[in-house]
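One structure below.
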Amino acid sequence: MIKKVLVANRGEIAIRVMRSCREMGIETVAVYSDVDRKSMHVRYADEAYHIGPAPSAESYLRMDRIIEAAKKSGADAIHPGYGFLSENATFSALCEKEGIIFIGPSPHAIETMGDKITARKTMIAAGVPVVPGTTEPVRDIKTALEVIRKIGLPVMIKASAGGGGKGMRLVKNEEDVVNAVSAARSEAKAAFGDDAVYIEKYISSPHHIEFQVLGDKHGNIIHLFERECSVQRRHQKVVEETPSPIMTPEVRAKMGEAAVAAARAVNYYGAGTIEFIVDDNLNYYFLEMNTRLQVEHPITERVVGVDLVKQQINIANGLPLSYKQEDLRQHGHAIEVRIYAEDPDNNFMPSPGLIKHITHPLGFGVRHDGYAYEGYEIPMYYDPMISKLIVWAETRREAIARLKRALFVYKITGVKTSIPYLRRILDVPAFIEGRYNTHFIEENQEYLQPKRTCSERAVDIAAITAFVDYINKLERLQPPATEKQLANNWKDFGRKRGVLRF
Ligand code: MV4
(Lines give C-alpha, C1' and ligand atoms only; values in the text may rest on other atoms or scores of the structure.)
Protein backbone atom coordinates (compact mmCIF):
# COMPACT_ATOMS: atom_id res chain seq x y z
CA MET A 1 0.00 0.00 0.00
CA ILE A 2 1.20 3.49 -0.89
CA LYS A 3 2.58 5.29 2.19
CA LYS A 4 4.38 8.23 0.62
CA VAL A 5 3.55 10.11 -2.60
CA LEU A 6 5.86 12.40 -4.51
CA VAL A 7 3.88 15.02 -6.41
CA ALA A 8 5.73 15.83 -9.65
CA ASN A 9 4.00 19.17 -10.10
CA ARG A 10 3.55 22.66 -8.66
CA GLY A 11 0.82 25.23 -8.04
CA GLU A 12 -2.76 24.53 -7.11
CA ILE A 13 -2.82 20.94 -8.40
CA ALA A 14 0.17 19.86 -6.30
CA ILE A 15 -1.62 21.09 -3.18
CA ARG A 16 -4.94 19.58 -4.26
CA VAL A 17 -3.28 16.15 -4.60
CA MET A 18 -1.50 16.50 -1.25
CA ARG A 19 -4.77 17.36 0.51
CA SER A 20 -6.25 13.99 -0.44
CA CYS A 21 -3.02 12.23 0.53
CA ARG A 22 -3.12 13.83 3.97
CA GLU A 23 -6.69 12.72 4.55
CA MET A 24 -5.64 9.18 3.60
CA GLY A 25 -2.71 9.24 6.02
CA ILE A 26 -0.21 9.26 3.16
CA GLU A 27 2.99 11.31 3.49
CA THR A 28 3.75 13.86 0.78
CA VAL A 29 6.91 14.91 -1.04
CA ALA A 30 7.20 18.11 -3.08
CA VAL A 31 9.70 18.86 -5.82
CA TYR A 32 10.54 22.43 -6.76
CA SER A 33 12.57 24.58 -9.14
CA ASP A 34 14.72 27.59 -8.19
CA VAL A 35 11.83 30.06 -8.47
CA ASP A 36 9.46 27.81 -6.50
CA ARG A 37 11.48 27.70 -3.28
CA LYS A 38 8.80 29.77 -1.53
CA SER A 39 5.87 28.23 -3.37
CA MET A 40 2.93 26.95 -1.30
CA HIS A 41 3.24 23.32 -2.45
CA VAL A 42 6.74 23.21 -0.91
CA ARG A 43 5.38 24.48 2.42
CA TYR A 44 2.39 22.15 2.31
CA ALA A 45 4.38 18.94 1.75
CA ASP A 46 6.00 16.90 4.51
CA GLU A 47 9.34 17.20 2.71
CA ALA A 48 10.64 18.86 -0.45
CA TYR A 49 13.46 18.34 -2.97
CA HIS A 50 15.03 20.88 -5.28
CA ILE A 51 15.13 19.58 -8.87
CA GLY A 52 16.69 22.37 -10.93
CA PRO A 53 16.44 25.83 -12.49
CA ALA A 54 13.20 27.62 -13.35
CA PRO A 55 12.59 26.45 -16.96
CA SER A 56 10.39 23.33 -16.77
CA ALA A 57 12.64 21.47 -19.23
CA GLU A 58 15.33 21.71 -16.54
CA SER A 59 13.12 20.90 -13.55
CA TYR A 60 9.50 19.67 -13.67
CA LEU A 61 10.19 17.75 -16.91
CA ARG A 62 13.43 16.14 -15.67
CA MET A 63 12.40 12.50 -15.20
CA ASP A 64 15.83 11.52 -13.83
CA ARG A 65 15.79 14.16 -11.08
CA ILE A 66 12.21 13.39 -10.11
CA ILE A 67 12.94 9.65 -9.85
CA GLU A 68 16.05 10.47 -7.84
CA ALA A 69 13.99 12.60 -5.42
CA ALA A 70 11.45 9.79 -5.11
CA LYS A 71 14.20 7.33 -4.21
CA LYS A 72 15.90 9.68 -1.75
CA SER A 73 12.63 10.38 0.01
CA GLY A 74 11.47 6.78 -0.03
CA ALA A 75 8.26 7.67 -1.89
CA ASP A 76 6.53 4.57 -3.20
CA ALA A 77 4.42 6.43 -5.77
CA ILE A 78 4.46 9.50 -8.02
CA HIS A 79 1.40 11.61 -8.85
CA PRO A 80 2.06 13.69 -11.99
CA GLY A 81 -0.87 16.17 -11.67
CA TYR A 82 -1.78 17.68 -15.06
CA GLY A 83 0.56 19.08 -17.71
CA PHE A 84 4.32 18.41 -17.35
CA LEU A 85 4.89 14.59 -17.30
CA SER A 86 1.26 13.58 -16.79
CA GLU A 87 0.73 12.20 -20.31
CA ASN A 88 4.22 10.96 -20.94
CA ALA A 89 4.24 7.20 -21.64
CA THR A 90 8.03 7.06 -21.19
CA PHE A 91 7.72 8.48 -17.68
CA SER A 92 4.89 6.12 -16.73
CA ALA A 93 7.04 3.17 -17.90
CA LEU A 94 10.18 4.53 -16.22
CA CYS A 95 8.42 4.78 -12.84
CA GLU A 96 7.28 1.17 -13.02
CA LYS A 97 10.78 0.08 -14.13
CA GLU A 98 12.26 1.84 -11.10
CA GLY A 99 9.76 0.16 -8.79
CA ILE A 100 7.75 3.32 -8.19
CA ILE A 101 3.99 3.31 -8.71
CA PHE A 102 2.85 5.84 -11.35
CA ILE A 103 -0.51 7.19 -10.20
CA GLY A 104 -2.01 7.22 -13.65
CA PRO A 105 -2.76 4.98 -16.62
CA SER A 106 -0.54 2.39 -18.35
CA PRO A 107 2.07 3.48 -20.92
CA HIS A 108 -0.03 1.61 -23.53
CA ALA A 109 -3.15 3.72 -22.84
CA ILE A 110 -1.17 6.98 -22.85
CA GLU A 111 0.57 6.06 -26.10
CA THR A 112 -2.54 4.88 -27.94
CA MET A 113 -4.55 7.98 -27.01
CA GLY A 114 -1.58 10.31 -27.56
CA ASP A 115 -1.50 9.41 -31.24
CA LYS A 116 -4.80 10.75 -32.58
CA ILE A 117 -4.86 8.57 -35.72
CA THR A 118 -4.31 5.41 -33.64
CA ALA A 119 -6.94 6.67 -31.18
CA ARG A 120 -9.47 7.17 -34.02
CA LYS A 121 -8.85 3.66 -35.36
CA THR A 122 -9.17 2.17 -31.88
CA MET A 123 -12.44 4.04 -31.29
CA ILE A 124 -13.93 2.91 -34.61
CA ALA A 125 -13.07 -0.69 -33.72
CA ALA A 126 -14.75 -0.20 -30.32
CA GLY A 127 -17.93 1.18 -31.90
CA VAL A 128 -17.46 4.70 -30.54
CA PRO A 129 -18.69 7.39 -32.98
CA VAL A 130 -15.85 9.47 -34.44
CA VAL A 131 -16.02 12.47 -36.80
CA PRO A 132 -16.14 11.26 -40.44
CA GLY A 133 -12.63 11.39 -41.93
CA THR A 134 -9.42 9.46 -42.51
CA THR A 135 -8.15 6.52 -40.48
CA GLU A 136 -4.65 6.64 -41.98
CA PRO A 137 -2.14 9.49 -42.19
CA VAL A 138 -2.64 11.64 -45.31
CA ARG A 139 0.25 10.63 -47.58
CA ASP A 140 -0.52 12.54 -50.76
CA ILE A 141 -2.84 15.26 -52.00
CA LYS A 142 -4.67 12.91 -54.38
CA THR A 143 -5.94 10.70 -51.55
CA ALA A 144 -6.65 13.82 -49.47
CA LEU A 145 -8.88 15.18 -52.24
CA GLU A 146 -10.65 11.84 -52.63
CA VAL A 147 -11.50 11.80 -48.94
CA ILE A 148 -12.62 15.43 -49.03
CA ARG A 149 -14.90 14.78 -52.02
CA LYS A 150 -16.46 11.90 -50.10
CA ILE A 151 -17.05 13.66 -46.77
CA GLY A 152 -17.57 17.18 -48.17
CA LEU A 153 -16.12 20.59 -47.30
CA PRO A 154 -15.29 22.21 -44.96
CA VAL A 155 -12.75 19.90 -43.33
CA MET A 156 -10.11 20.14 -40.64
CA ILE A 157 -6.54 19.01 -41.13
CA LYS A 158 -5.16 17.88 -37.77
CA ALA A 159 -1.79 16.72 -36.51
CA SER A 160 -1.82 13.12 -35.28
CA ALA A 161 0.61 14.01 -32.49
CA GLY A 162 -1.32 17.20 -31.67
CA GLY A 163 -4.36 17.80 -29.52
CA GLY A 164 -5.82 20.76 -27.73
CA GLY A 165 -5.95 22.73 -30.97
CA LYS A 166 -2.26 22.58 -31.87
CA GLY A 167 -1.40 21.88 -35.50
CA MET A 168 -4.97 22.36 -36.77
CA ARG A 169 -6.12 23.90 -40.09
CA LEU A 170 -9.63 24.65 -41.35
CA VAL A 171 -10.11 24.17 -45.10
CA LYS A 172 -13.14 25.70 -46.83
CA ASN A 173 -12.12 25.48 -50.51
CA GLU A 174 -10.52 22.68 -52.51
CA GLU A 175 -7.78 24.96 -53.79
CA ASP A 176 -6.58 25.53 -50.20
CA VAL A 177 -6.02 21.82 -49.48
CA VAL A 178 -2.43 21.69 -50.72
CA ASN A 179 -1.31 24.65 -48.63
CA ALA A 180 -3.25 23.58 -45.53
CA VAL A 181 -1.83 20.07 -45.57
CA SER A 182 1.74 21.26 -45.98
CA ALA A 183 1.31 24.00 -43.35
CA ALA A 184 -0.21 21.54 -40.85
CA ARG A 185 2.61 19.09 -41.65
CA SER A 186 5.46 21.48 -41.02
CA GLU A 187 3.78 22.90 -37.92
CA ALA A 188 3.32 19.36 -36.57
CA LYS A 189 6.89 18.43 -37.43
CA ALA A 190 8.27 21.49 -35.64
CA ALA A 191 6.02 21.13 -32.59
CA PHE A 192 5.93 17.35 -32.09
CA GLY A 193 8.67 15.90 -34.33
CA ASP A 194 5.96 13.96 -36.21
CA ASP A 195 4.41 15.28 -39.44
CA ALA A 196 1.53 12.78 -39.71
CA VAL A 197 -1.78 14.58 -40.32
CA TYR A 198 -5.35 13.38 -40.82
CA ILE A 199 -8.61 14.82 -42.13
CA GLU A 200 -11.93 15.25 -40.34
CA LYS A 201 -15.20 16.75 -41.49
CA TYR A 202 -15.61 20.17 -39.88
CA ILE A 203 -18.40 20.31 -37.30
CA SER A 204 -19.43 23.96 -37.55
CA SER A 205 -20.69 25.16 -34.14
CA PRO A 206 -19.89 22.38 -31.76
CA HIS A 207 -20.16 22.02 -28.02
CA HIS A 208 -17.17 20.63 -26.19
CA ILE A 209 -18.57 18.06 -23.78
CA GLU A 210 -16.31 15.64 -21.97
CA PHE A 211 -17.00 12.58 -19.82
CA GLN A 212 -15.03 11.70 -16.71
CA VAL A 213 -14.13 8.02 -16.44
CA LEU A 214 -12.49 5.87 -13.77
CA GLY A 215 -11.08 2.42 -14.37
CA ASP A 216 -9.44 0.00 -11.94
CA LYS A 217 -6.84 -2.72 -12.54
CA HIS A 218 -9.54 -5.41 -12.47
CA GLY A 219 -11.28 -4.23 -15.65
CA ASN A 220 -14.08 -2.26 -13.96
CA ILE A 221 -14.81 1.04 -15.72
CA ILE A 222 -17.41 3.65 -14.78
CA HIS A 223 -18.21 7.17 -15.98
CA LEU A 224 -18.97 10.13 -13.76
CA PHE A 225 -21.11 12.02 -16.26
CA GLU A 226 -20.24 15.06 -18.33
CA ARG A 227 -18.61 18.46 -18.11
CA GLU A 228 -19.65 21.25 -20.47
CA CYS A 229 -16.45 23.05 -21.50
CA SER A 230 -17.56 25.13 -24.49
CA VAL A 231 -16.55 28.50 -22.99
CA GLN A 232 -13.01 28.59 -24.34
CA ARG A 233 -10.66 31.28 -25.53
CA ARG A 234 -7.92 30.19 -27.94
CA HIS A 235 -8.34 26.54 -26.86
CA GLN A 236 -8.02 27.59 -23.24
CA LYS A 237 -11.04 26.72 -21.07
CA VAL A 238 -12.46 29.64 -19.13
CA VAL A 239 -15.68 28.32 -17.55
CA GLU A 240 -16.74 24.69 -17.04
CA GLU A 241 -20.03 23.42 -15.70
CA THR A 242 -21.89 20.22 -14.99
CA PRO A 243 -24.51 19.09 -15.91
CA SER A 244 -24.33 20.49 -19.45
CA PRO A 245 -27.29 22.81 -20.11
CA ILE A 246 -27.94 21.07 -23.45
CA MET A 247 -27.84 17.46 -22.28
CA THR A 248 -30.81 15.09 -22.11
CA PRO A 249 -30.99 11.93 -19.96
CA GLU A 250 -31.06 9.74 -23.08
CA VAL A 251 -28.03 11.31 -24.77
CA ARG A 252 -26.18 11.36 -21.44
CA ALA A 253 -26.71 7.63 -20.99
CA LYS A 254 -25.54 6.89 -24.54
CA MET A 255 -22.48 9.14 -24.33
CA GLY A 256 -21.62 7.66 -20.94
CA GLU A 257 -21.68 4.18 -22.47
CA ALA A 258 -19.54 5.39 -25.38
CA ALA A 259 -17.04 6.90 -22.91
CA VAL A 260 -16.78 3.61 -21.02
CA ALA A 261 -16.36 1.71 -24.31
CA ALA A 262 -13.60 4.15 -25.33
CA ALA A 263 -11.73 3.56 -22.06
CA ARG A 264 -12.26 -0.20 -22.27
CA ALA A 265 -10.69 -0.26 -25.75
CA VAL A 266 -7.31 0.61 -24.17
CA ASN A 267 -7.83 -1.41 -20.95
CA TYR A 268 -7.88 1.88 -19.15
CA TYR A 269 -7.15 2.20 -15.47
CA GLY A 270 -6.91 5.47 -13.53
CA ALA A 271 -8.85 8.70 -14.08
CA GLY A 272 -9.39 9.81 -17.66
CA THR A 273 -11.53 12.08 -19.80
CA ILE A 274 -13.23 11.37 -23.10
CA GLU A 275 -13.68 14.58 -25.13
CA PHE A 276 -16.60 14.76 -27.53
CA ILE A 277 -17.74 17.43 -29.92
CA VAL A 278 -21.52 17.67 -29.99
CA ASP A 279 -23.60 19.44 -32.64
CA ASP A 280 -26.91 21.25 -32.13
CA ASN A 281 -28.86 18.05 -32.81
CA LEU A 282 -26.90 16.32 -30.03
CA ASN A 283 -24.96 14.15 -32.46
CA TYR A 284 -21.71 13.39 -30.65
CA TYR A 285 -18.28 12.39 -31.91
CA PHE A 286 -15.19 11.23 -30.04
CA LEU A 287 -12.45 13.85 -30.35
CA GLU A 288 -9.65 12.74 -28.05
CA MET A 289 -8.98 11.16 -24.69
CA ASN A 290 -7.00 12.91 -21.98
CA THR A 291 -5.18 10.31 -19.94
CA ARG A 292 -4.78 12.42 -16.81
CA LEU A 293 -6.65 14.22 -14.05
CA GLN A 294 -7.94 17.46 -15.55
CA VAL A 295 -7.96 21.04 -14.30
CA GLU A 296 -11.77 21.05 -14.21
CA HIS A 297 -12.17 17.77 -12.26
CA PRO A 298 -13.61 19.48 -9.11
CA ILE A 299 -17.01 20.20 -10.68
CA THR A 300 -17.46 16.45 -11.20
CA GLU A 301 -16.26 15.76 -7.66
CA ARG A 302 -18.85 18.16 -6.27
CA VAL A 303 -21.87 17.03 -8.30
CA VAL A 304 -21.13 13.29 -8.13
CA GLY A 305 -19.64 13.32 -4.62
CA VAL A 306 -16.42 11.44 -5.45
CA ASP A 307 -12.86 12.48 -4.55
CA LEU A 308 -11.10 11.68 -7.84
CA VAL A 309 -7.59 11.85 -6.39
CA LYS A 310 -8.47 9.33 -3.66
CA GLN A 311 -9.88 7.06 -6.35
CA GLN A 312 -6.66 7.45 -8.38
CA ILE A 313 -4.62 6.40 -5.36
CA ASN A 314 -6.89 3.43 -4.58
CA ILE A 315 -6.67 2.32 -8.22
CA ALA A 316 -2.86 2.63 -8.15
CA ASN A 317 -2.91 0.42 -5.03
CA GLY A 318 -4.72 -2.23 -7.05
CA LEU A 319 -7.99 -1.81 -5.16
CA PRO A 320 -11.32 -2.15 -6.95
CA LEU A 321 -13.36 1.00 -7.62
CA SER A 322 -15.44 2.16 -4.63
CA TYR A 323 -18.50 2.76 -6.80
CA LYS A 324 -20.66 0.91 -9.28
CA GLN A 325 -22.23 2.82 -12.18
CA GLU A 326 -25.70 2.48 -10.67
CA ASP A 327 -24.48 4.06 -7.38
CA LEU A 328 -23.68 7.34 -9.14
CA ARG A 329 -26.03 10.31 -9.52
CA GLN A 330 -25.57 13.94 -10.45
CA HIS A 331 -26.76 16.12 -7.60
CA GLY A 332 -27.25 19.83 -8.22
CA HIS A 333 -25.10 22.04 -10.42
CA ALA A 334 -21.42 23.03 -10.25
CA ILE A 335 -19.52 25.72 -12.14
CA GLU A 336 -15.77 26.37 -12.20
CA VAL A 337 -13.95 29.47 -13.37
CA ARG A 338 -10.18 29.69 -13.82
CA ILE A 339 -8.47 32.75 -12.41
CA TYR A 340 -5.36 33.72 -14.37
CA ALA A 341 -2.66 36.28 -13.66
CA GLU A 342 -3.28 38.06 -16.94
CA ASP A 343 -4.76 41.33 -18.11
CA PRO A 344 -8.11 40.79 -19.85
CA ASP A 345 -8.12 44.45 -20.92
CA ASN A 346 -4.74 44.16 -22.61
CA ASN A 347 -5.10 41.12 -24.86
CA PHE A 348 -4.76 38.70 -21.92
CA MET A 349 -1.11 39.59 -21.47
CA PRO A 350 0.41 37.45 -18.68
CA SER A 351 0.80 39.48 -15.50
CA PRO A 352 3.32 37.72 -13.25
CA GLY A 353 4.54 39.49 -10.12
CA LEU A 354 4.07 40.05 -6.42
CA ILE A 355 0.67 39.36 -4.86
CA LYS A 356 0.06 42.31 -2.52
CA HIS A 357 -3.34 41.38 -1.19
CA ILE A 358 -5.82 38.50 -1.54
CA THR A 359 -9.35 38.19 -0.18
CA HIS A 360 -10.69 34.73 -0.88
CA PRO A 361 -14.38 34.05 -1.43
CA LEU A 362 -15.93 31.85 1.24
CA GLY A 363 -19.30 30.46 2.23
CA PHE A 364 -21.78 27.69 1.50
CA GLY A 365 -21.21 25.95 -1.81
CA VAL A 366 -17.86 27.63 -2.52
CA ARG A 367 -14.58 25.76 -3.12
CA HIS A 368 -11.36 27.56 -3.84
CA ASP A 369 -8.37 25.59 -5.16
CA GLY A 370 -5.37 27.87 -5.24
CA TYR A 371 -1.81 28.30 -4.04
CA ALA A 372 -1.10 32.03 -3.94
CA TYR A 373 -0.63 33.95 -0.71
CA GLU A 374 0.11 37.57 0.18
CA GLY A 375 3.77 38.24 -0.49
CA TYR A 376 4.08 35.40 -3.04
CA GLU A 377 5.58 36.25 -6.39
CA ILE A 378 3.96 34.51 -9.37
CA PRO A 379 6.85 33.38 -11.57
CA MET A 380 6.78 34.01 -15.31
CA TYR A 381 8.00 30.52 -16.21
CA TYR A 382 4.81 28.50 -15.87
CA ASP A 383 1.12 28.60 -16.69
CA PRO A 384 -0.27 31.83 -15.19
CA MET A 385 -3.30 30.16 -13.57
CA ILE A 386 -3.57 31.36 -9.96
CA SER A 387 -6.60 29.46 -8.79
CA LYS A 388 -9.93 27.85 -9.56
CA LEU A 389 -13.19 28.92 -8.03
CA ILE A 390 -15.82 26.19 -7.92
CA VAL A 391 -19.38 26.77 -6.78
CA TRP A 392 -22.21 24.35 -6.23
CA ALA A 393 -25.95 24.88 -5.76
CA GLU A 394 -29.14 22.88 -6.23
CA THR A 395 -29.94 24.66 -9.50
CA ARG A 396 -27.94 26.29 -12.32
CA ARG A 397 -29.58 29.65 -11.60
CA GLU A 398 -28.54 29.58 -7.99
CA ALA A 399 -25.04 28.38 -8.91
CA ILE A 400 -24.61 31.39 -11.23
CA ALA A 401 -25.85 33.74 -8.48
CA ARG A 402 -23.43 32.13 -6.03
CA LEU A 403 -20.54 32.44 -8.47
CA LYS A 404 -21.36 36.12 -9.00
CA ARG A 405 -21.40 36.63 -5.26
CA ALA A 406 -18.06 34.83 -4.86
CA LEU A 407 -16.41 36.76 -7.72
CA PHE A 408 -17.73 39.99 -6.26
CA VAL A 409 -15.76 39.53 -3.03
CA TYR A 410 -12.68 37.90 -4.64
CA LYS A 411 -9.94 40.54 -4.54
CA ILE A 412 -6.36 40.15 -5.74
CA THR A 413 -4.03 43.12 -5.96
CA GLY A 414 -0.45 43.39 -7.20
CA VAL A 415 -1.09 41.46 -10.41
CA LYS A 416 -3.78 41.85 -13.04
CA THR A 417 -6.30 38.98 -13.04
CA SER A 418 -9.09 37.61 -15.19
CA ILE A 419 -11.66 38.15 -12.39
CA PRO A 420 -13.32 41.22 -14.04
CA TYR A 421 -13.61 39.29 -17.31
CA LEU A 422 -15.23 36.31 -15.55
CA ARG A 423 -17.77 38.64 -13.94
CA ARG A 424 -18.68 39.95 -17.40
CA ILE A 425 -19.17 36.40 -18.74
CA LEU A 426 -21.77 35.78 -16.04
CA ASP A 427 -23.78 38.75 -17.34
CA VAL A 428 -23.95 37.55 -20.96
CA PRO A 429 -27.57 36.56 -21.79
CA ALA A 430 -26.48 33.48 -23.79
CA PHE A 431 -24.52 32.22 -20.79
CA ILE A 432 -27.33 32.93 -18.33
CA GLU A 433 -29.75 31.09 -20.60
CA GLY A 434 -27.34 28.18 -21.17
CA ARG A 435 -27.41 28.74 -24.94
CA TYR A 436 -23.77 28.69 -25.96
CA ASN A 437 -21.26 26.67 -27.97
CA THR A 438 -17.50 26.88 -28.64
CA HIS A 439 -18.04 30.22 -30.44
CA PHE A 440 -19.41 31.85 -27.26
CA ILE A 441 -16.44 34.15 -26.63
CA GLU A 442 -16.11 35.44 -30.21
CA GLU A 443 -19.89 35.85 -30.58
CA ASN A 444 -20.24 37.87 -27.38
CA GLN A 445 -17.31 40.26 -27.73
CA GLU A 446 -19.50 43.31 -27.12
CA TYR A 447 -20.59 42.01 -23.70
CA LEU A 448 -17.05 41.07 -22.74
CA GLN A 449 -15.45 44.47 -23.34
CA PRO A 450 -14.22 46.25 -20.21
CA LYS A 451 -16.89 48.22 -18.42
CA ARG A 452 -15.80 51.74 -17.67
CA THR A 453 -14.51 52.17 -14.17
CA CYS A 454 -15.35 54.98 -11.74
CA SER A 455 -11.91 56.51 -12.18
CA GLU A 456 -12.38 56.63 -15.95
CA ARG A 457 -15.71 58.29 -15.43
CA ALA A 458 -14.04 60.84 -13.11
CA VAL A 459 -11.67 61.72 -15.95
CA ASP A 460 -14.70 62.39 -18.17
CA ILE A 461 -16.31 64.61 -15.58
CA ALA A 462 -13.09 66.57 -15.26
CA ALA A 463 -12.95 66.90 -19.04
CA ILE A 464 -16.54 68.09 -19.20
CA THR A 465 -15.96 70.63 -16.46
CA ALA A 466 -12.93 71.95 -18.34
CA PHE A 467 -15.00 72.11 -21.50
CA VAL A 468 -17.75 74.13 -19.86
CA ASP A 469 -15.10 76.56 -18.60
CA TYR A 470 -13.75 76.83 -22.11
CA ILE A 471 -17.17 77.58 -23.59
CA ASN A 472 -17.79 80.21 -20.96
CA LYS A 473 -14.56 81.92 -21.90
CA LEU A 474 -15.41 81.76 -25.60
CA GLU A 475 -18.80 83.27 -24.93
CA ARG A 476 -17.25 86.32 -23.33
CA LEU A 477 -15.21 86.98 -26.48
CA GLN A 478 -17.68 85.88 -29.11
CA PRO A 479 -21.42 86.07 -29.77
CA PRO A 480 -23.29 83.32 -27.81
CA ALA A 481 -23.07 79.89 -29.51
CA THR A 482 -26.24 78.29 -30.79
CA GLU A 483 -27.43 75.00 -29.21
CA LYS A 484 -26.18 73.13 -32.26
CA GLN A 485 -22.71 74.67 -32.21
CA LEU A 486 -22.45 73.89 -28.53
CA ALA A 487 -23.35 70.26 -29.13
CA ASN A 488 -20.80 69.95 -31.95
CA ASN A 489 -18.05 71.57 -29.92
CA TRP A 490 -18.85 69.19 -27.10
CA LYS A 491 -18.53 66.13 -29.36
CA ASP A 492 -15.29 67.37 -30.94
CA PHE A 493 -13.77 68.01 -27.58
CA GLY A 494 -14.72 64.57 -26.35
CA ARG A 495 -13.40 62.89 -29.48
CA LYS A 496 -10.07 64.68 -29.28
CA ARG A 497 -9.60 63.52 -25.71
CA GLY A 498 -10.90 60.10 -26.63
CA VAL A 499 -13.03 59.93 -23.54
CA LEU A 500 -16.56 60.46 -24.81
CA ARG A 501 -17.71 56.82 -24.97
CA PHE A 502 -21.22 56.82 -23.48
C1 MV4 B 1 -12.83 20.16 -34.41
C2 MV4 B 1 -13.77 21.20 -34.58
C3 MV4 B 1 -14.71 21.06 -35.57
N4 MV4 B 1 -14.71 19.96 -36.35
N5 MV4 B 1 -12.88 19.09 -35.23
C6 MV4 B 1 -10.14 22.25 -31.07
C7 MV4 B 1 -9.27 21.65 -30.05
C8 MV4 B 1 -9.14 20.22 -30.38
N9 MV4 B 1 -9.35 19.41 -29.22
C10 MV4 B 1 -10.15 19.96 -31.43
N11 MV4 B 1 -10.79 21.20 -31.74
C12 MV4 B 1 -11.79 21.26 -32.65
N13 MV4 B 1 -11.89 20.19 -33.47
C14 MV4 B 1 -13.80 19.02 -36.16
N15 MV4 B 1 -13.81 17.96 -36.97
C16 MV4 B 1 -13.70 22.29 -33.72
C17 MV4 B 1 -12.70 22.33 -32.76
C18 MV4 B 1 -12.68 23.49 -31.95
C19 MV4 B 1 -12.96 23.43 -30.59
C20 MV4 B 1 -13.24 22.21 -29.97
C21 MV4 B 1 -13.50 22.15 -28.62
C22 MV4 B 1 -13.51 23.33 -27.88
C23 MV4 B 1 -13.23 24.52 -28.46
C24 MV4 B 1 -12.95 24.60 -29.83
C25 MV4 B 1 -12.68 25.84 -30.42
C26 MV4 B 1 -12.40 25.89 -31.73
C27 MV4 B 1 -12.40 24.72 -32.51
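Things to note:
- Only a single item in (1) closer than 23 Å to residue 114 by Cβ; (2) part of a strand (DSSP E or B); (3) away from the ligand (no atom under 13 Å from the Cβ) is not met by residue 225, and it is number (1).
- Where residue 368 falls short, out of the listed (1) within 30 Å of residue 215 (Cα to Cα); (2) of a type outside the set (Phe, Trp, Tyr); (3) in a loop (DSSP other than H, G, I, E, B); (4) outside the structural domain of residue 238 (by TED's automatic domain parsing): (3)
- Matching residues, region 424-446, being without any contact (Cβ under 8 Å) to a residue 40 or more places away in the chain and either β-branched (Val, Ile, Thr) or within 16 Å of the ligand (Cβ to nearest atom) (or both): 428, 430, 432, 442, 443, 444, 445
- Residue match in region 77-89 (condition: of a type in the set (Val, Ile, Thr), within 24 Å of the chain's Cα centre (by Cα) and not assigned by TED's automatic domain parsing to the domain that holds residue 382): yes
- Selected residue (only one of 276, 348 is in the same structural domain as residue 400 (by TED's automatic domain parsing), touching a residue at least 60 places away in the same chain (Cβ under 8 Å), under 27 Å from residue 434 (Cβ atoms) and of a type outside the set (Val, Ile, Thr)): 348
- Residues of region 121-164 that are in a helix (DSSP H, G or I), among the hydroxyl-bearing types (Ser, Thr, Tyr) and at pLDDT below 95: 143 alone.
- Just one of the listed residues (83, 99) is at positive phi, surrounded by 15 or more Cβ atoms within 10 Å (Cβ to Cβ) and either at pLDDT 95 or above or assigned to a helix (DSSP H, G or I) (or both), and it is 83.
- Any chance residue 116 is touching a residue at least 60 places away in the same chain (Cβ under 8 Å) and of a type in the set (Lys, Arg): yes
- Only a single item in (1) out of contact with any Leu (no Cβ under 9 Å at 6 or more places or on another chain); (2) within 14 Å of the ligand (Cβ to nearest atom); (3) at pLDDT below 95; (4) not polar (S, T, N, Q) is not met by residue 199, and it is number (3).
So that you can scan it fast, the table gives a plain yes or no per residue for (1) within 28 Å of residue 269 (Cα to Cα); (2) within 16 Å of the ligand (Cβ to nearest atom); (3) assigned by TED's automatic domain parsing to the domain that holds residue 322:
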site	(1), (2), (3)
138	no, yes, no
152	no, yes, no
156	no, yes, no
168	no, yes, no
195	no, no, no
212	yes, no, yes
216	yes, no, yes
221	yes, no, yes
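- Any hit, region 205-218, residues being within 30 Å of residue 144 (Cα to Cα), of a type in the set (Asp, Glu), over 21 Å from the mean Cα position of the chain (by Cα) and part of a loop (DSSP other than H, G, I, E, B): no
- Complete set of residues in region 112-136 that are closer than 16 Å to residue 181 by Cβ and more than 12 Å from the ligand (Cβ to nearest atom): 117, 136
- Considering the conditions (1) in contact with a strand residue (DSSP E or B) (Cβ under 7 Å, 6 or more places away or on another chain); (2) part of a loop (DSSP other than H, G, I, E, B); (3) in the same structural domain as residue 165 (by TED's automatic domain parsing), residue 191 is excluded by exactly one of them, (2).
- Among residues of region 281-293, those that are within 13 Å of the ligand (Cβ to nearest atom) and either free of Cβ contacts under 8 Å to residues at least 40 places away in the same chain or not aromatic (Phe, Trp, Tyr) (or both), counted: 5
- Note on region 394-427: residues that are surrounded by 19 or more Cβ atoms within 10 Å (Cβ to Cβ) and not in a helix (DSSP H, G or I) amount to 7.
- Of the residues making up region 21-48, those that are within 22 Å of residue 339 (Cβ to Cβ) and either surrounded by fewer than 22 Cβ atoms within 10 Å (Cβ to Cβ) or assigned by TED's automatic domain parsing to the domain that holds residue 294 (or both) are 35, 38, 40, 42, 43, 44.
The values are calculated or read from the model by the stated rules, or taken from the named source; none is laboratory data. None of these values were measured; they are calculated from a predicted model. Don't worry about glycine lacking a Cβ; one is built from the backbone with ideal geometry, like all the others, and counts go over all protein chains shown.
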